[in-house]
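Worksheet: the structure to be examined is printed underneath.
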Amino acid sequence: MNWRPHFTIGAFAGAIVALALHCEIFIIFLAAIIGGISALAPDIDHDSSKIRKAADLTVPIFGIFFALSSSCYTDVLCITDNWKGIIVSALAITGLYTIVITYLKPSHRGIIHSLLFALAYFAVLYAISDFAFALFGFVGYASHLLADGEIKLA
């Protein structure tokens, strides 16, 4: 299945969960976006997937923002004092992603296409956000597995 049907199914699943939780319209819209993007996540192990191309561009940007927020969350002027650490942290995040996706990448529809990885995805989202956000992501991720018809535990 191509990315558009996966995105659409994931967006629909996220919106349905938000409706079931009686969320306001903005949260339903946000749930649809989270569900749609999360429905693409299982294909990150495929070299030509949309999510892989997007991740290749956004991981370095995320690394910079993560490094900034973890070291300069109270004072923007601290960037000048901590610029070396920020660069090292951003490069470390980008490097780790590159190593994993290049050398440790599992086969397509391997472990990443499993409920175990969907739960790990939920845990990561829950660690960086809240339960609802993580639930919308999990539902989107799981919708990909259902749409592919390949639901395995690990």
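The values are calculated or read from the model by the stated rules, or taken from the named source; none is laboratory data. What you are looking at is a predicted structure, and each value in this text was computed from that prediction instead of being measured. Cβ sites come from the backbone with ideal geometry, for glycine too, and all protein chains shown count toward neighbours.
Do we find that residue 67 is surrounded by 16 or more Cβ atoms within 10 Å (Cβ to Cβ) and at pLDDT 85 or above in this structure? Give the derivation first.
Details: surrounded by 16 or more Cβ atoms within 10 Å (Cβ to Cβ): yes; at pLDDT 85 or above: no.
In short, no.
For the stretch 1-17, the criterion of being in contact with a Lys or Arg (Cβ under 6 Å, 6 or more places away or on another chain), of a type outside the set (D, E, K, R) and under 15 Å from residue 144 (Cβ atoms) is met by at least one residue.
Residues in the stretch 85-99 that are exposed (fewer than 12 other Cβ atoms within 10 Å of the Cβ) and at pLDDT below 80: none. For the stretch 8-21, indicate whether the set of residues that are closer than 20 Å to residue 124 by Cβ, modelled with pLDDT under 85 and not charged (D, E, K, R) is non-empty. The answer is no; no qualifying residue exists.
How many of the residues in the stretch 134-154 are assigned to a loop (DSSP other than H, G, I, E, B) and within 10 Å of residue 114 (Cβ to Cβ)? Let's see the steps before the verdict.
Keep residues of the stretch 134-154 that are assigned to a loop (DSSP other than H, G, I, E, B), which gives 149-154.
From what's left, within 10 Å of residue 114 (Cβ to Cβ): 150-154.
Of the residues in that region, 5 qualify.
A count restricted to the stretch 1-26 and to residues that are among the hydrophobic types (A, V, I, L, M, F, W, C) and surrounded by 23 or more Cβ atoms within 10 Å (Cβ to Cβ) stands at 5. For residue 42, the requirement of being closer than 30 Å to residue 90 by Cβ, in contact with a Lys or Arg (Cβ under 9 Å, 6 or more places away or on another chain) and either part of a helix (DSSP H, G or I) or touching a residue at least 12 places away in the same chain (Cβ under 8 Å) (or both) is met.
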